[in-house]
Amino acid sequence: MKRICFLVICVLAMPLSGASAQTKAKSRPLTSAEIQSVERAIQDEIYDYDYFRSFYQIGENIGTPEHWISRLHVYINPAYDAADGHGVVIYKLMPYGQVYRLFFLGSKNGVQLDGDPQNKFPITQPSRLTVYMDEDEVCRDERTWTKSFFNIDTAATPAIIEAASKRQKARTGFSYWEHEHEPDNAPK
């Protein structure tokens with residue numbers, strides 16, 4: 001009887017270990033250049049959408065008391081899902097809060113961040129606020145994923161904003177900042 005139970009357990013466990021091996025085979029590690037590209041895409045979107053002012057007194061200040069520059073954590077899943085073509089990142093995106101966000105590495109346009117920030121990352125989407133997730137899962141991800149940082153200048157110069165909006169448009173085909181500053185869209 002013990003042999004039969006052992007055999008049944010072994011047979012049932014085989015698909016699970018096979019699934020784990022398949023998952024590992026479908027993922028690959030991110031390179032440091034890809035991680036930097038993800039960080040740059042996050043920064044560019046923040047400047048392009050004019051969210052940078054919302055980072056005042058958020059994170060560590062690496063500037064001065066008069067000129068706050070936020071240094072914020074970003075947690076990046078080191079295993080890029082090559083089969084489905086996406087990675088995952090967790091970071092603070094003010095004014096919304098902490099987001100769990102998918103990203104896509106493209107050879108043509110670079111990193112694409114999933115979701116439109118103006119939709120506020122609802123629970124129904126793959127990219128969502130972490131407040132909608134299990135706290136233990138978020139904490140585990142933050143402990144086990146690659147921890148890095150990005151900086152946001154809360155008093156960004158026009159040159160910083162313009163450069164970020166150009167990169168954002170090159171990546172996504174749209175720049176919120178550029179759209180808002182076109183002569184036809186200027187406030188009257």
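Looking at 93, 102, 129 in this structure, which one is under 19 Å from residue 34 (Cβ atoms) and out of contact with any Lys or Arg (no Cβ under 6 Å at 6 or more places or on another chain)?
Numbers: 93 fails: under 19 Å from residue 34 (Cβ atoms); 129 fails: under 19 Å from residue 34 (Cβ atoms).
Residue meeting the stated conditions: 102.
Output the residues belonging to segment 151-188 that are of a type in the set (A, V, I, L, M, F, W, C) and within 17 Å of residue 50 (Cβ to Cβ). So that I can check it myself, show each step before the final result.
Initial filter on segment 151-188 (of a type in the set (A, V, I, L, M, F, W, C)): 152, 155-156, 159-161, 163-164, 170, 174, 177, 186.
The answer is 152, 155, 156, 159, 160, 161, 163, 164, 174, 177, 186.
If a residue must be among the aromatic types (Phe, Trp, Tyr), open to solvent by 40 Å² or more (accessible area, probe 1.4 Å) and closer than 18 Å to residue 133 by Cβ, how many such residues does segment 62-106 contain?
1
Please name all residue pairs, on different chains or six or more residues apart, with Cβ atoms under 9 Å, provided the first residue is in segment 123-134 and is over 12 Å from residue 91 (Cα atoms) and the second residue is open to solvent by less than 80 Å² (accessible area, probe 1.4 Å) and hydroxyl-bearing (Ser, Thr, Tyr).
What qualifies is 126/100; 132/100; 133/100.
Restricting to segment 96-116, and then to whatever is within 18 Å of residue 151 (Cβ to Cβ) and not β-branched (Val, Ile, Thr), can you tell me which residue is farthest from the chain's Cα centre (by Cα)?
98
In segment 107-121, which residue that is farther than 12 Å from residue 42 by Cα and in contact with a Gly (Cβ under 9 Å, 6 or more places away or on another chain) is surrounded by the fewest Cβ atoms within 10 Å (Cβ to Cβ)?
It comes out as 109.
May I ask you to list the residues in segment 135-188 that are small (Gly, Ala, Ser) and either in contact with a strand residue (DSSP E or B) (Cβ under 6 Å, 6 or more places away or on another chain) or open to solvent by 60 Å² or more (accessible area, probe 1.4 Å) (or both)? Step through it out loud before you land on a result.
Our first condition is that a residue be small (Gly, Ala, Ser); within segment 135-188, this holds for 148, 155-156, 159, 163-165, 170, 173, 175, 186.
Passing the criteria: 148, 159, 170.
Got a number for residues in segment 69-122 being of a type in the set (Val, Ile, Thr) and touching a residue at least 60 places away in the same chain (Cβ under 8 Å)?
The qualifying residues number 4.
If residue 140 passes every condition in (1) free of Cβ contacts under 8 Å to residues at least 24 places away in the same chain; (2) of a type outside the set (Asp, Glu); (3) closer than 25 Å to residue 61 by Cα but one, which one does it miss?
(3)
The values are calculated or read from the model by the stated rules, or taken from the named source; none is laboratory data. If you're wondering where the values come from, they're calculated on a predicted model, not measured in any experiment. Note that we place each Cβ from the backbone using ideal geometry, even for glycine, and neighbour counts take in every protein chain shown. Side chains are part of the model used for accessible areas, which takes the heavy atoms of the whole protein and leaves out ligands, DNA and RNA. Shrake-Rupley method; radii C 1.70, N 1.55, O 1.52, S 1.80 Å.
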